[in-house]
Amino acid sequence: MKIKEYRDEKLGESIFCAKHPSGLEIRVAPKLEYDSSYALFAVRFGSVDDYIGKEDGTYEKIPEGTAHFLEHKLFESEELDAFELFAKTGAQANAFTSFDYTAYLFKGSENIETSLGYLLDFVQSPYFTAETVQKEQGIIGQEIRMYQDLPDWEILFNLLKCLYKDNPVSIDIAGTQESIAKIDDKLLYSIYDTYYNPSNMILSIAGNVDPDAIFSQVSKAIKRKKKDVPERRFSPGSPKAVSGYIEEKLPVGKKMFMLGFKEDLKNPEVSLQEELASNVMLEALFGKSTPFFKKMLDDGLIEMDFGASLFNGYGYSVAIINGSADDPEKVVSLVKAEIKNAQKNGLDKAAVERAIKKMYGMSIRGFDSVGATANLQVNLYFSGYKPYAELEAIRKLNYKAVSERLSKLTEEGCALSVIIPG
Amino acid sequence: MFVLKSAAPGVRVISVPTDKFKTNIIEVSVAVPLDENAAANALLASLLTRTCKAYPDFSKLNAKLDELYGASLGSYVGKTGDAQVISFYVTCLDDRFSLDGESITKECLKLLAGMIFEPNIKNNSFGKEALATEKRLLVNSIKAELDDKQTYALKKCTELMCANEPYGRPETGTVEEVESVKMSEVYAAWKNLLKIGRFHIVAVGNFDVDEITGLFAGKFEKINREPCTIDTIFFKKGLHFKRGVEQFQMKQGKLVFGFRTGMENSNDNYYAEKVMVDIFGGGTYSKLFANVREKMSLAYYCSAKLIDSKGIVFVQSGIDTDKEKAVSTAIINQLDDMRTGKFDDETVAASKRALRERLTLSTPGSICSWYKSFILEDEIRTPEEIADGYDKVTKEEICEAAMKLSVDKIYMLEAVESEVESVED
């Protein structure tokens, strides 16, 4: 196993990477002045993976929420479940499923080797029975309902349903009460066997650790798999939104809006450079230092929660502008006018420079946290990037690259989602 | 380790010097009794951070912060015991990482002090329009508390439980109180804060503690300080049980149990209370997690937390509305097990390990919050000192602490199903 050190001089840190013969990516970010460490064992299988690839090259639809269900069930084993194991070391264990991947993690300061052993072991030891699957349906059912009561969650999925047709990103990560009822132990085993393959996974750890010791421990614990992992599905879809407007009544204190511009993707993902450029562009247009923000605030049209950012991943990319407002339509028309004006006359150069500087500062500060450092590596790896790709991309950002992203805000790919108090 | 200095009467500076982080953070918190002035104080906190004398224009102030590599400067209001706590903070990138060798931290410190001591005022007024805007924003953010039903239910339980104590007041005042605040009251609130507030300044990062102390000592020099005293009421028992209820069209009911611990002050029986509450409903090894969630599949979350500054314990859970009785019974049954010692030594050990682990603070923000939490305390302690205290807690002490828990109030948000009202064009 060849170990390569990546170093960022300005940051004063290194990340060590290696590819295990099984195909597993291992990234270690030592931070010896810290007391704690944070490790993630992640698989490139998330809620956007709504099909299972068969050996004959065909794909079969799976119930919505399967990736998340599997995440819950992997914690169980025939003997001690994972939570009981981590209780022995005191480490805080958890897991999450995002649109794009599933990650199992722990944070701890003592007995890191033991905790890491538990993590590697439980993720590689599935144990599902009809009984335990059924028990979980009650718990996940409550989790789904909890999210459905969160207006921030509802408004996003309503928007995504307007923007995308037949794209799994518009489905709640945990699925629905009905869809999870269709999940059984057999399905979980076949998903596990197909996708939980080291060549589709990463082990990322940051903190008070010795890279050599980690590489050696991980290397010994990994079980190799023979089969190849099926390709992820991607269909570009239409550049047009399915519908321009959606509203829902929920018991909230004030009207909320979320305006989205979807990007017409030719490839499954926007590049890191494009993602960062979009975020700078949105900050330069709508950030707190813009005259636009001030005017809208003074005119009583927006609240301090007004903001904009890119929401992107495998098979989706949406520039989102959101907040709460009495008159969402008015806000939206002014937002669109501001975009048109920039498309015609260009972005404010000073605003772009400020936004880049801000992004650079925030990005460096992210390395303060062992959790953020380890998580960033998972994100970067699954999108095909090296350890410090983000910092390097920010340093290369310029006015031209940022301005080019303005053309992605199109009327045909635009939709508005509104939550009305009721 | 921390360094403690005094900048003026009732003005403490706690510094945690370190160059381990890329971020420097300084937070100036001030405690005053939580009373009818809460709304004026909350409005003041927003006005002071929106602009200042050096940057009277909101956009220019924010442009300056962006140029300082995205420094954030702001304020927020909370409560600790029966005190309202207003905090002003700045977090910024350490100078080592600036691209052109600019000094970021000094500039930020200057901005922060300017924000508190040199506001954007003319003739004792923050400006009529500025106040109107802040009232609108604050009223809307109070209304938006309804958006997160879990937090909303907790707030309502607190209000019901502490109706006759300052702690029952919302930390920002009510909508009506905010709307009726006059300009002269905001100005008076500023003067009052500087005169009577108990200041607690925490700095984590690359700071010179003498410089910070000197800076604030200078600012307070001309102020005739009369720091207030804050006494928090601790009720030994919940005496008048009541169940509050509200209905909303939503998917999941939210249940909150409010208990009194019998603590007589924030340090009373502290370690045993912490361990007891953690075994009852803290981590994944806790009674509530293991039973209400894992064994009975009644909830996704069911957890307990101790508010030591007030001697209160809350248990929160998201449930099906028609299962309230089953869940309540399960919670009380688990509490009974705590009282009678039906939990094993391994769980006690797991809880102590986890509590210690949670005290391994590894971000500038968490270290700052830790030291901030001592705002009403005479003695400031390090996480290590507290962690050692847990180890001495015995099983008997845990049972005794559980015996003293008494239910005071229950608050239930009942979910009522509605017809789906969704409009698409």
Go through region A:3-52 and give me each residue that's more than 14 Å from every other protein chain (Cβ to nearest Cβ), buried (at least 20 other Cβ atoms within 10 Å of the Cβ), in contact with a Ser or Thr (Cβ under 9 Å, 6 or more places away or on another chain) and not aliphatic (A, V, I, L, M).
A:25, A:27, A:41, A:44, A:45, A:46, A:47, A:49, A:50
Kindly provide the set of residues from region A:152-172 that are in contact with a Gly (Cβ under 9 Å, 6 or more places away or on another chain) and over 26 Å from residue B:145 (Cβ atoms), ordered by number.
A:160, A:162, A:163, A:164, A:165, A:166, A:167, A:168, A:169, A:171
On the given criteria, is residue A:337 surrounded by fewer than 18 Cβ atoms within 10 Å (Cβ to Cβ) and more than 9 Å from chain B (Cβ to nearest Cβ)?
yes
Can you go through A:288, A:358 and tell me which one is buried (at least 17 other Cβ atoms within 10 Å of the Cβ), free of Cβ contacts under 8 Å to residues at least 24 places away in the same chain, touching a helix residue (DSSP H, G or I) at 6+ places or on another chain (Cβ under 6 Å) and within 30 Å of residue A:392 (Cβ to Cβ)?
A:288
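For the structure I just gave you, tell me whether residue B:361 is of a type in the set (A, V, I, L, M, F, W, C) and either at the interface with chain A (Cβ under 9 Å from one of its Cβ atoms) or surrounded by 22 or more Cβ atoms within 10 Å (Cβ to Cβ) (or both).
Taking the combined requirement at face value, the residue satisfies it.
Assigned to a loop (DSSP other than H, G, I, E, B) and more than 16 Å from residue B:271 (Cα to Cα) - does that describe any residue in region B:325-333?
No - not one qualifying residue is present in region B:325-333.
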Scan region A:59-66 and tell me whether some residue there is surrounded by fewer than 19 Cβ atoms within 10 Å (Cβ to Cβ), touching a residue at least 40 places away in the same chain (Cβ under 8 Å) and either within 14 Å of chain B (Cβ to nearest Cβ) or basic (Lys, Arg) (or both).
no
Can you find even one residue in region A:307-330 that is closer than 22 Å to residue A:408 by Cβ, of a type in the set (A, V, I, L, M) and touching a Gly at 6+ places or on another chain (Cβ under 6 Å)?
yes
Out of everything in region B:231-258 that is part of a strand (DSSP E or B) and within 19 Å of the chain's Cα centre (by Cα), what residue ends up being farthest from the other protein chains (Cβ to nearest Cβ)?
B:258
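Right, residue A:177: surrounded by fewer than 20 Cβ atoms within 10 Å (Cβ to Cβ) and in contact (Cβ under 8 Å) with a residue 24 or more places away in the chain or not? Please lay out each step first, then the result.
Numbers: surrounded by fewer than 20 Cβ atoms within 10 Å (Cβ to Cβ): yes; in contact (Cβ under 8 Å) with a residue 24 or more places away in the chain: yes.
Answer is yes for this residue.
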Scan region A:148-168 for residues that are over 17 Å from the mean Cα position of the chain (by Cα), within 23 Å of residue A:181 (Cα to Cα) and more than 9 Å from chain B (Cβ to nearest Cβ) and report the count.
2
Residue pairs meeting the criteria (Cβ under 6 Å; at least 6 apart or on separate chains; first away from chain B (no Cβ under 14 Å), in region A:249-272; second charged (D, E, K, R))
A:263/A:408
Apart from one, (1) crowded, with 21+ Cβ neighbours inside 10 Å; (2) without any contact (Cβ under 8 Å) to a residue 24 or more places away in the chain all hold for residue A:138; the odd one out is (1)
Can you tell me which of (1) of a type in the set (D, E, K, R); (2) more than 26 Å from residue B:202 (Cβ to Cβ); (3) buried (at least 18 other Cβ atoms within 10 Å of the Cβ) is the one residue B:94 doesn't meet?
(2)
Filtering region B:89-105 down to residues that are in a strand (DSSP E or B) and in contact with a helix residue (DSSP H, G or I) (Cβ under 6 Å, 6 or more places away or on another chain), which residue is nearest to residue B:116 (Cα to Cα)?
B:90
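Do you know which of the residues in region A:349-383 that are within 26 Å of residue A:109 (Cα to Cα) and small (Gly, Ala, Ser) is nearest to the other protein chains (Cβ to nearest Cβ)? Don't jump to the end; show me each part of the working.
Here is the first cut: in region A:349-383, the residues within 26 Å of residue A:109 (Cα to Cα) are A:362-381.
Then drop every residue that is not small (Gly, Ala, Ser), which leaves A:363, A:366, A:369, A:371-372, A:374.
Numbers: A:363: 9, A:366: 9, A:369: 5, A:371: 9, A:372: 9, A:374: 12 Å.
Among those that are within 26 Å of residue A:109 (Cα to Cα) and small (Gly, Ala, Ser), it is A:369.
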Unmet criterion (only one of (1) touching an Asp or Glu at 6+ places or on another chain (Cβ under 9 Å); (2) within 14 Å of another protein chain (Cβ to nearest Cβ)) for residue A:299:
(1)
For residue B:317: the one exception among (1) buried (at least 24 other Cβ atoms within 10 Å of the Cβ); (2) over 22 Å from the mean Cα position of the chain (by Cα)
(2)
Going by the structure shown, is residue A:89 surrounded by fewer than 20 Cβ atoms within 10 Å (Cβ to Cβ), within 14 Å of chain B (Cβ to nearest Cβ) and of a type in the set (Val, Ile, Thr)?
no
Looking only at region B:195-238, which residues are surrounded by fewer than 16 Cβ atoms within 10 Å (Cβ to Cβ), in contact with a Ser or Thr (Cβ under 8 Å, 6 or more places away or on another chain) and at pLDDT 95 or above?
none
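What do you reckon, is residue B:136 surrounded by 16 or more Cβ atoms within 10 Å (Cβ to Cβ), within 14 Å of chain A (Cβ to nearest Cβ) and either part of a strand (DSSP E or B) or at pLDDT 95 or above (or both)? So that I can check it myself, show each step before the final result.
On the way: surrounded by 16 or more Cβ atoms within 10 Å (Cβ to Cβ): yes; within 14 Å of chain A (Cβ to nearest Cβ): yes; either part of a strand (DSSP E or B) or at pLDDT 95 or above (or both): yes.
Yes: the conditions hold for residue B:136.
Counting only residues that are touching a strand residue (DSSP E or B) at 6+ places or on another chain (Cβ under 7 Å) and either farther than 24 Å from residue A:149 by Cα or basic (Lys, Arg) (or both), how many does region A:232-251 have? Step through it out loud before you land on a result.
Here is the first cut: in region A:232-251, the ones touching a strand residue (DSSP E or B) at 6+ places or on another chain (Cβ under 7 Å) are A:233, A:241, A:243-251.
After this cut, where a residue has to be either farther than 24 Å from residue A:149 by Cα or basic (Lys, Arg) (or both) as well, the list is A:233, A:241, A:249.
Result for region A:232-251: 3.
The values are calculated or read from the model by the stated rules, or taken from the named source; none is laboratory data. Predicted, not measured: the structure shown is a model, and the values here were computed from it. Cβ coordinates were reconstructed from backbone atoms using ideal geometry, including for glycine residues, and neighbour counts include every protein chain displayed.
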